[in-house]
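Let me begin by presenting the structure, written as structure tokens, before commenting on it.
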């Protein structure tokens, strides 16, 4: 079971003439099969937080790690853009990130490709797929290494609304089946309410303002009254914060 | 004065020097110094008839400057270059525009252009020397032949890249044709024109110098080949230095800050702009 | 109705879309036909000029040149000298390519090496090849080192600047993705770095090779006792335009064959993924 631990995390970027505080004393925890959304306006450091957890960036001070039984957890990462190797086939892209290239892992890769409905594309080049399809491959890729935890950085923000809705449903189905710990960054409050158990709201300047638990049962139908109410409530909290923030 | 603990036996001054030497700025100086030092060390081992000593080359370099033929030689070369280039531009621009406008003409001329771009200048030099003997005509013709394909290709590219959307916009406002040409077409063609000039000049120069070896009795190419004919090794290297000097001068002076072609691969100095909040 | 029926029955040449864009409508003539026409007109024009206008020692007819080429091959001269040139060319080019790529990578990764080599590269790009050919021919005399060193001096910078551009253009986002997924270093190099630099390597090879074969011939002309360049000099001293053109054509045909049938073939295989992608 993966454990997310963020403790007094600080991240400061030194520019040519000014310093920018991306994260300001952020602390939270998440464990087990929780879907956590990080929500906030642009410039609130949510992507930076994800990058630090993934090891792509370093914290200025404080601690941020994802552990699984004491050791560093294996992570899957879905980016805003699919980040597929354009010169390798879809299946080769899936195999690229596997810990080894044996038959067992190959079957696993094919299995997850099928779960997102893209088995037919396994020999295709990424350039032959639409943006939505490429992103689905990216999601399948992240799941296929059977990680301890998943990090997702606004994976649907570059897609049109209809494709985004489809992929959101697919992601949810995948998550329900595998029940991993997920850290999901988004600027879309409604998306967060539909998908997550927990919503963490960051304000501009990188401070953590709210740590909410969403206690609605799955699946969450957008037309359900309780879901709509929760959305309004969270949105209100979100907007209140914006007024207070500098 | 505070007493400092000597933690190492190496004097601080040395450490500072080594540190300075490893900075990128020092690298620009280290390279030529290294070349000259190696040259100085290796030359006596090989034998000075084949490999001149740096000091001999320097002497020859200065002698040439004082004696004066080097200046007139390059001057003659530049005049030939100018004439050939002017011809290449006049004809090349017209042909290039034509090819850009008509895909059929372009298909027709395509392979000629490829051949024109790859045909060695050496052969042209020899051919014109057999046609014209020694004089100005041969070298000037070679300049033309070397430069014109580049002018044509660049102007054709310029036409193909014409901003159709801007032209349509101007037409939709019923702008008079002359104004459209002056304010939309000409500016959009100008970077291609400069590229045509630059590539035409660079290649015309290479062709010229080679042609002068075979088809002239004056000019920079003829002089340096002459140095080799009489076995004056220091002379050849000294002339090579003059070539380098003039080549850089032409690039820098004539094209100034537009000479990105040679320098574009160098990293630009960071813009001294205020940090913009993206 | 009748008129329309008539024109509908007649074979209608489709409108060439590109021609329409620039303002006039053409019946579409296939590009292949245009090119064939170009060659035909060129050869006919050459033949006409050589028959009616110029004497054969100024402009030999295409037939004469072809005959000369055949006799060069038959006499065995072609093999001797062509192989000599090719040998020097490939050795020089191989060294220039490997060294150039290494320097390009070093320059791409380190500001120090960038500054170290930048002046040398700028100088060698602007100085005419003649200078290098003369110096190498003079210093190395009749040894094959002459052309080889000349190739290295002139072709290397072209390789270097292209590889440098390739290193600078390496997609950071893909490398980050590989890093996050803890992909091993050899797998990263093989699957991300090499394919990303590949197009630049091809450009480097193309430009480098184009310079290399020309400088080989030039250096041979000044200072060798064998090779295509030496033969051209011989023919020149004999004032045989026929011979000069024959050997020149051998060189040019060789260059075109290398470009078309070797380089392009390799490129096609490597870059299948680019051509098959839709915009």
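The values are calculated or read from the model by the stated rules, or taken from the named source; none is laboratory data. In this text, all values refer to a predicted model and were calculated from it rather than measured experimentally. Quick reminder, even Gly has a Cβ in these numbers, built from the backbone with ideal geometry, and neighbours come from all protein chains shown.
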Test result for residue B:79, in a helix (DSSP H, G or I), modelled with pLDDT of 85 or more and within 24 Å of the chain's Cα centre (by Cα): yes
Any chance residue C:91 is modelled with pLDDT of 95 or more and part of a helix (DSSP H, G or I): yes
Test for residue A:83: is it within 14 Å of chain C (Cβ to nearest Cβ) and part of a loop (DSSP other than H, G, I, E, B): yes
Number of positions in the range A:199-236 that are out of contact with any helix residue (DSSP H, G or I) (no Cβ under 7 Å at 6 or more places or on another chain), buried (at least 19 other Cβ atoms within 10 Å of the Cβ) and under 16 Å from residue A:34 (Cα atoms): 1
All helices (runs of 4 or more DSSP H) inside the range C:210-279 with 3 or more residues being more than 19 Å from residue C:135 (Cα to Cα) and away from chain A (no Cβ under 14 Å): C:228-237, C:241-257, C:264-270
Test: residue in the range A:38-52 that is assigned to a strand (DSSP E or B) and either touching a helix residue (DSSP H, G or I) at 6+ places or on another chain (Cβ under 9 Å) or modelled with pLDDT of 85 or more (or both): yes
Among (1) under 30 Å from residue B:212 (Cβ atoms); (2) buried (at least 24 other Cβ atoms within 10 Å of the Cβ); (3) within 8 Å of chain B (Cβ to nearest Cβ) - the single one residue C:151 does not satisfy: (3)
Filtered residues of the range C:50-62 (kept if surrounded by fewer than 13 Cβ atoms within 10 Å (Cβ to Cβ) and more than 14 Å from every other protein chain (Cβ to nearest Cβ)): C:51, C:52
Number of positions in the range B:184-227 that are over 16 Å from residue B:92 (Cα atoms), in contact with a helix residue (DSSP H, G or I) (Cβ under 8 Å, 6 or more places away or on another chain) and at pLDDT below 90: 3
Residue among C:207, C:164, C:181 that alone is at pLDDT 90 or above and within 14 Å of chain A (Cβ to nearest Cβ): C:181
Matching residues, the range A:87-99, being surrounded by 18 or more Cβ atoms within 10 Å (Cβ to Cβ) and assigned to a loop (DSSP other than H, G, I, E, B): A:87, A:88, A:89, A:97, A:98
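Conditions tested, residue by residue: (1) outside any helix (DSSP H, G or I); (2) more than 10 Å from every other protein chain (Cβ to nearest Cβ).
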| site | (1), (2) |
| --- | --- |
| B:214 | no, no |
| B:223 | no, yes |
| B:231 | yes, no |
| B:234 | no, yes |
| B:237 | no, no |
| B:240 | no, no |
| B:243 | no, no |
Residue identified as more than 14 Å from every other protein chain (Cβ to nearest Cβ) and closer than 30 Å to residue C:123 by Cα among B:151, B:114, B:184: B:151
Residue list for the range A:21-37, restricted to those being in a loop (DSSP other than H, G, I, E, B) and buried (at least 18 other Cβ atoms within 10 Å of the Cβ): A:34
Complete set of residues in the range A:100-130 that are outside any helix (DSSP H, G or I) and either in contact with a helix residue (DSSP H, G or I) (Cβ under 8 Å, 6 or more places away or on another chain) or within 14 Å of chain C (Cβ to nearest Cβ) (or both): A:100, A:101, A:116, A:117, A:118, A:122, A:123, A:124, A:125, A:129, A:130
Lone unmet requirement of (1) part of a helix (DSSP H, G or I); (2) more than 10 Å from chain B (Cβ to nearest Cβ) for residue C:170: (1)
Residue in the range A:199-206 that is within 26 Å of residue A:48 (Cβ to Cβ), more than 19 Å from the chain's Cα centre (by Cα) and either outside any helix (DSSP H, G or I) or not assigned by TED's automatic domain parsing to the domain that holds residue A:1 (or both) present: yes
Residue in the range A:132-155 that is over 27 Å from residue A:33 (Cα atoms), in contact with a helix residue (DSSP H, G or I) (Cβ under 9 Å, 6 or more places away or on another chain) and outside any strand (DSSP E or B) present: no
Residue list for the range A:60-80, filter: surrounded by fewer than 19 Cβ atoms within 10 Å (Cβ to Cβ), within 20 Å of the chain's Cα centre (by Cα) and more than 13 Å from chain C (Cβ to nearest Cβ): A:63, A:65, A:67, A:68
Sole exception among (1) over 30 Å from residue A:177 (Cα atoms); (2) surrounded by 14 or more Cβ atoms within 10 Å (Cβ to Cβ); (3) within 14 Å of another protein chain (Cβ to nearest Cβ) for residue A:18, by number: (2)
Selection within the range B:31-73 - surrounded by 15 or more Cβ atoms within 10 Å (Cβ to Cβ) and under 25 Å from the mean Cα position of the chain (by Cα): B:31, B:57, B:58, B:60, B:61, B:64, B:70, B:73
Among the residues listed as B:139, B:103, the single one being surrounded by 21 or more Cβ atoms within 10 Å (Cβ to Cβ) and more than 9 Å from chain C (Cβ to nearest Cβ): B:139
The range C:126-141, residues that are under 23 Å from the mean Cα position of the chain (by Cα) and more than 17 Å from residue B:242 (Cβ to Cβ): C:136
Some residue of the range C:28-49 being more than 12 Å from every other protein chain (Cβ to nearest Cβ), modelled with pLDDT of 85 or more and in a loop (DSSP other than H, G, I, E, B): no
Among (1) more than 14 Å from chain B (Cβ to nearest Cβ); (2) free of Cβ contacts under 8 Å to residues at least 24 places away in the same chain; (3) more than 21 Å from the chain's Cα centre (by Cα) - the single one residue C:77 does not satisfy: (2)
Any hit, the range C:134-147, residues being assigned to a helix (DSSP H, G or I), buried (at least 21 other Cβ atoms within 10 Å of the Cβ) and more than 11 Å from chain B (Cβ to nearest Cβ): yes
